[in-house]
1. Determine by what factor the alpha-carbon radius of gyration of the chain differs from 2.2 N^0.38 Å, reporting the quotient.
2. Any chance you could give the angle, 0 to 90 degrees and rounded to 10, that helix 253-271 forms with the longest Cα principal axis of the chain?
3. What whole-number volume per residue, in cubic angstrom, does the convex hull of the C-alpha atoms of region 1-199 give?
4. May I ask for the distance between the Cα centers of region 219-268 and region 339-389, given as a whole number of Å?
5. Kindly give Rg over Rh for region 243-324, based on alpha-carbon atoms, with the Kirkwood expression for the hydrodynamic radius.
6. For 139, 71, what's the fewest-to-most ordering of other Cβ within 10 Å of each Cβ?
7. Students often check this: by mean Cβ neighbours within 10 Å, which of 189-196, 261-268, 8-15 ranks highest, and how do the rest follow?
8. From the helices alone, meaning DSSP H stretches of at least four residues, give me the mean residue ellipticity at 222 nm for the chain, per-run term -39500 (n - 2.57), in deg cm²/dmol to the nearest 500.
């Protein structure tokens, strides 16, 4: 629902904004995501690992300590990031990296967005650590997307067109409403934690920092191509690439959905050393999510031009070729399942960091070489190379070092669905 609402919101924005401002909007969102990763200090991923592991060992005090450390660390980190961004980094990004006066004019709004989004995602991951997938899903994007669709629709009906400042103001309003509700609910959930156990801050930071680096590198693996494109080509080219990229992400959503569900399960099963059950979860989730995703990606590669025109308008039909290239990388991604989740939740965060870093550099270098001559198609090739290589190396590491495979099963999808349903019922 969040993904569909996001595509609807982008479709509205494609009609409210010029291609240049729509491209700038994609760049602003990317900057917000990147800055929030810096501000979170790796606590968003760490808290999902600590909470279910602590509760599995009946140490609620340790889970509460993890949440407290996560919020204090995040408050410190995001304050530094927001202050730096507002006082100079934001202007440098707008002027030097993207050469965009449009982005320069919304640095203040971007700063607010960074702070809100950082806490919004931390709260969502706390819900996920408690196995509350419903609230985690709602407040990691669904609530903001739905409110944004309503606000953008009203703006479209009332004015028919808008500028980037107006659009981001409405986005901030939607995010604030979502964060306020989420904060109220998470406080009630945390208040119920009492009992034995504590988490030393040193231990929390030792786990968080590799996840911090991995999160930044993983982001660059996916988003640096957009940044390079924005720095070397006009914003209108960024708009075409961003439109295609968002559509492909929508079709790949089943894998993201199961990743969000199985993350605390993987941490808990690994803590209990139930490796056979762990592999069933990973391969079953890969099959259940991979089959519809692969089918959807093949369809998208065939009729992608018509879909782009329907969602965004005739101008964006030019992205049909890059759409097909992105589909290839996404097919590799969904077939091999979730080896990154296994590495992250099993104490192999440093190996994950190294693998992601090396593969990220390869993908980014590919984009940097190809974008000057191929524009957004070069960015799509670079992204697919980086994503595909990263997933293959992680899958092989899990297979050879951990003895666990994560790829789609070749058995009956009906059987895999039944197994996943049983496991989910037992764990959730």
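1. So the Cα radius of gyration is 0.95 times the expected 2.2 N^0.38 Å.
2. Once rounded, the angle reads 30 degrees.
3. In region 1-199, the Cα convex hull volume per residue is 100 Å³.
4. When both Cα centres are located, 12 Å separates them.
5. Values: Rg = 17.0 Å, Rh = 14.3 Å.
Using only Cα positions, Rg/Rh for region 243-324 is 1.18.
6. By the 10 Å Cβ count, ascending: 71, 139.
7. Put in order of decreasing packing, that is 261-268, 8-15, 189-196.
8. So the helix-based figure for the chain works out to -27500 deg cm²/dmol.
All of the numbers you see were taken from the coordinates with simple rules; none came from a lab. Fair warning: this is a prediction, and the values are worked out from it, not measured in the lab. We place every Cβ from the backbone using ideal geometry, glycine too, and count neighbours over all the protein chains shown.
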